[in-house]
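Engineer: Sharing a structure here in C-alpha cells format.
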Amino acid sequence: MVSLLKLLPWSPLVWLRVAWAWRRCGGSFAFLAEVAALRFSSQTAVLDEDGRLTFAELLGEAEGLAGYFRQLGVRPGQQVGLMCRNHRSFVLGLLALSRLGADVTPLAPDLPPAVLERYRLDRVVSEQDCLGRFTSPLPRVRAGQLVVLTSGTTGIAKGVRRRPGLRQLLPIAAALLGGLPLQRRRALILAIPLYHGYGLACLALGLALGAPLVLRRRYEIGPLLAGAETGVLVTVPTLLARWLRSNPVVPPLSGVITGSAPLEAGLCRELLVRLGPCLYNLYGTSEAGVVALAGPSQLLQSPGCVGRPLPGNEVRLLEGRILVRGPLAPQGWFETGDLGRWDEHGNLHVCGRADSMIVSGGENVYPSELEEAVLLHPGVADVAVVPVEDEDFGRRLVAVVVGSVGEAELLQFLRGHLERHKLPRFIRIVEAIPRNALGKVDRTALLRLLA
C-alpha cells in the first residue's frame, strides 16, 4: 500500500482540484486524465506515429472532442462503440466519451459489419471521428460504464460491464505497483491492443503513474522499441517469440510484461536467458480482471507459471478448473473456463481451456499437452491443436504446425514423447496460424483453413 500512497498528491490545492474533477467525471478514465494533467502537465502522455502529446494537451483535446461529440448528439447512457487502432485517437475518444457519460464499448478496428450489428450500439465512433476538434462547455454528468469484450476466439465476444469503486481496486492496484517494474514517467511500450482489457489496464496505469504510452497502429515490437526510450514492454507470448526469432541481439529493457495467453515453459526459459530477470507473467480474464502475477524469481523457479493470486483475489481448483473470487469477479466463485494446477512451490499454472479437453478412445486428452510436445522439436516455430471427429477413437486431435520439419519426421518425434491416444490424427504444415491481436488462436479461422 505504501507504493500506492506515493502516487497521491498531498498539496491541499491539488486535493481541491482533484475533488472537483471527481464531481465532474466520477470514477472514469476522464477523471484519471484530469488528475494526470494536474500532476504531470508538461510531461509526455502519448508517443505515436504523429509525435508526442503531453498530459495537458491530452486533456485539452479530449475536452474539445467531448464538446464535438455532444454537438453530434452523444448523451449520457448511450451505448457507443469506439473503433480505433493503437493511436492517440483511441485515447482521446475514450476520454471524451467517458466525460460525456456514455457507455463505451472498445471494438477491434477490423470488426466485420455483420458482427458489429449484433452489439446493438446506438452509434460507433471511428478513428477519423476522433480527429475532429470542437470546444464547448460541458455539464457535470454521471460517469458511464466501460464495456470490455472477451476475446471471442470461438464465437462472438460478449461484453463485461465495468464500474468498480476505488475500494475494490486499491488492494489489486497496490499489489501490481509493488510487483511490477512500473515507475513514474517510465514509458509503457504497448504491443497489445488498447481495445482489450489488458490494454485498457495499461492505459489506466499510464495515467495514474504519469508514464508515457508508446503506441503504434501495428503491434510490432521492433518498431515500437526503435521509437522509444528504454521502458517496460507489454505484450503477449506469440509476439515475444516472433521478436526473438528475428532479433539475435535484444536491447535492454526495464521490464517485459506478458499475459492474455499461456507462456510456454521453453519460451519462458529462453526469455529469462536473453532478457535477464526482468520477465513478468500476468493471468486474468475479462470478467475477473487481473488475477495472479509471477515475477522473475517465480518464473525461474517454475517456468511458465502465473505465480500466486494478487491480494484481494482467491483462486481454487475444482477438478482442475480454475475458479476465482475477487473484487472484479462476478458474485461468488467465478469459473474462468481455464484448467490449472498448483506446483510444489505453490505457483499456479494455466493448462489450457476446460472446453478444449476431448475424450479419445475413452481417455481424456488435452490439446495443450500435444502442443507442448510439438514445440519440443527444434524445427517447429508455432503450433495450434484442434479436435476432429474420428471413427475409431470418437475424437482425435489435429496439429497445425509452422516450421521447417516434415510431417512424417514430426510424427515419429512425437511417438517418443506421447502415448498413442494422444498422438495427432494428422499434422498439417502451414505458413502461418490465424491468431487474433492478442496472439490467441482464432479457432474458427483455423477450422476453415483445415476444411
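The values are calculated or read from the model by the stated rules, or taken from the named source; none is laboratory data. None of these values were measured; they are calculated from a predicted model. Positions of Cβ are generated from backbone atoms using ideal geometry, with glycine treated the same way; all protein chains shown enter the neighbour counts. Ligands, DNA and RNA are stripped out before the accessible areas are found, and what is left, the full protein with its side chains, is counted by its heavy atoms. Shrake-Rupley method; radii C 1.70, N 1.55, O 1.52, S 1.80 Å.
Engineer: Can you give the extra length, in nm with one decimal, that the chain gains between ARG217 and ARG425 once fully stretched, where that is 0.36 nm per residue apart less the Cα-Cα distance?
Structural biologist: 71.0 nm
Engineer: Right, something else. Just the accessible area for GLU369, please: 1.4 Å probe, Å², rounded to the nearest 10?
Structural biologist: 60
Engineer: From Cα pairs below 8 angstrom and at least 6 apart in sequence, can you work out the relative contact order of the chain, rounded to a whole percent?
Structural biologist: 11
Engineer: Moving on. Looking at the chain only, what percent of DSSP beta bridges run antiparallel? Nearest 5 please.
Structural biologist: Values: 42 of 70 bridges.
Beta bridges within the chain, antiparallel portion: roughly 60 percent.
Engineer: Any idea what the relative contact order of region 256-296 is, in percent, if you count C-alpha pairs under 8 Å spaced at least 6 apart?
Structural biologist: It comes to 40 percent, rounded to a whole number.
Engineer: Let me ask something else. Taking only protein heavy atoms and a 1.4 Å probe, what accessible area per residue, in Å², does the chain have with all protein chains in place? It would help to have the intermediate numbers written out before the result.
Structural biologist: Details: 20570 Å² over 451 residues.
Per-residue value: 46 Å².
Engineer: Taking the 0 to 90 degree range and rounding to the nearest ten, how far is the long axis of helix 237-246 tilted relative to the main principal axis of the chain, both from C-alpha atoms?
Structural biologist: Approximately 80 degrees, to the nearest ten.
Engineer: What does the net charge come to around ILE427 if you take all other residues with beta carbon closer than 14 Å to its beta carbon, with K and R at +1 and D and E at -1?
Structural biologist: So the surrounding residues net to +1.
Engineer: I'd like the FRET efficiency for LEU131 and HIS417, computed as 1/(1 + (r/R0)^6) with the beta carbon distance as r and R0 of 45 Å, rounded to 0.05. Mind showing how you got there, number by number?
Structural biologist: On the way: r = 54 Å, r/R0 = 1.19.
E between LEU131 and HIS417, to the nearest 0.05, is 0.25.
Engineer: Taking 0.36 nm per intervening residue step and subtracting the Cα-Cα distance, what contour gain separates ARG245 from GLN71 on full extension?
Structural biologist: Taking 0.36 nm per residue and subtracting the Cα distance, the gain is 57.7 nm.
Engineer: Something else now. As an exercise, identify the chymotrypsin sites (Phe, Trp or Tyr not before Pro) in region 314-359 lying in DSSP coil whose Cβ has no more than 16 other Cβ atoms within 10 Å.
Structural biologist: TRP333
Engineer: Keeping the other protein chains in place, figure out the carbon and sulfur percent of the accessible area of the chain, with a 1.4 Å probe.
Structural biologist: The computed percentage sits at 53.
Engineer: Cα gyration tensor of region 270-394, axes a ≥ b ≥ c as square roots of the eigenvalues: rounded (a/c below 1.5), prolate (a/b > b/c) or oblate?
Structural biologist: Details: a/c = 2.35, a/b = 1.19, b/c = 1.97.
Because a/c hits 1.5 or more and a/b fails to exceed b/c, region 270-394 counts as oblate.
Engineer: Assuming a ≥ b ≥ c are the square roots of the Cα gyration tensor eigenvalues, decide whether the chain counts as rounded (a/c under 1.5), prolate (otherwise, with a/b larger than b/c) or oblate.
Structural biologist: Values: a/c = 1.86, a/b = 1.68, b/c = 1.10.
Note, shape of the chain comes out prolate.
Engineer: Angle check, please: helix 12-25 long axis (alpha carbons) against the longest principal axis of the chain (alpha carbons), in degrees 0 to 90, nearest 10.
Structural biologist: Computed tilt is about 70 degrees.
Engineer: Treating the angle as unsigned and between 0 and 90°, give the value, to the nearest 10°, between the Cα long axis of helix 197-209 and the longest Cα principal axis of the chain.
Structural biologist: Value to nearest ten degrees: 40.
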